[in-house]
1. Where does helix 69-83 land angle-wise versus the long Cα axis of the chain, in degrees 0 to 90, nearest 10?
2. What dipole magnitude, in Debye to the nearest 20, does the chain give about its Cα centre under +1 on Lys/Arg Cβ and -1 on Asp/Glu Cβ?
3. How large is the translational diffusion coefficient of segment 38-114 in µm² per second when you combine the Kirkwood radius over alpha carbon pairs with Stokes-Einstein at 20 °C and 1.002 mPa s?
4. What are the aspartates and glutamates whose alpha-carbon lies under 17 Å from the alpha-carbon of residue 86, with same-chain residues fewer than 8 places away excluded?
5. For an R0 of 30 angstrom, estimate the FRET efficiency from the Cβ-Cβ distance between residue 128 and residue 29 and round to the nearest 0.05.
6. Could you go through segment 88-100 in sequence order and give the Karplus-derived ³J(HN,Hα) for each residue, using 6.51 cos²θ - 1.76 cosθ + 1.60 with θ = phi - 60°, rounded to whole Hz, and x for Gly and Pro?
7. Could you run the Karplus curve 6.51 cos²θ - 1.76 cosθ + 1.60 with θ = phi - 60° over segment 112-119 and give me ³J(HN,Hα) per residue in whole Hz, x for Gly and Pro?
8. Got a sec? Charge dipole of segment 3-120, +1 on Cβ for Lys and Arg, -1 for Asp and Glu; which of 92, 41, 61 is way out at the positive end?
Amino acid sequence: MNFKNEIGAVFLRVILGITFLIHGLSKFQGGIENTAGWFDSIGIPGFMAYVVAGIELVGGMALIIGLGTRIVSALFVLIMIGAIIKVKLAVGFLGNGQMAGYELDLAFLAMALFLAINGSKQLAVDQFFVKNESAQI
């Protein structure tokens, strides 16, 4: 990737990381038990609320510092696909007046997919572990 693309990837990585970190944090601050109950109510096992919130919280921090960008981003892709299919698709792209649509989820999915495919090694902790381009997948 050229320098301009790398800088763009850094912005995507950090903004996506902050966004998921805050979403994960809010799930715990708002009472993770409430989120688990809501998961149960839509047909997802309640324990998955802890898994999703943990991935969002820890994964968000990891993206901000650039640790495991491709793996974390792939997990975010899975979370966003699940959110779109299980919750948001029924209310449409822009929502229904009571619930937001899946337009923002789709944007997060696209950002995460880009990072899962391309990575982001500029200003990333990962660059201390991977010394050359051929070692990255």
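Values in this text are rule-based calculations from the coordinates and carry no lab data. This one's a predicted model, so the numbers in the text were calculated from it and none came from an experiment. Every residue, glycine among them, receives a Cβ derived from its backbone with ideal geometry; neighbour counts consider all protein chains shown.
1. So the helix axis and the longest Cα principal axis differ by about 20 degrees.
2. 220 debye
3. For the chosen part, D equals 163 µm²/s.
4. 40, 103, 105
5. Details: r = 32 Å, r/R0 = 1.07.
So the FRET efficiency works out to roughly 0.40.
6. 8, 4, 5, 9, x, 4, 9, x, 10, x, 9, 9, 5
7. 5, 5, 4, 5, 5, 7, 9, x
8. So the residue furthest toward the plus end is 61.
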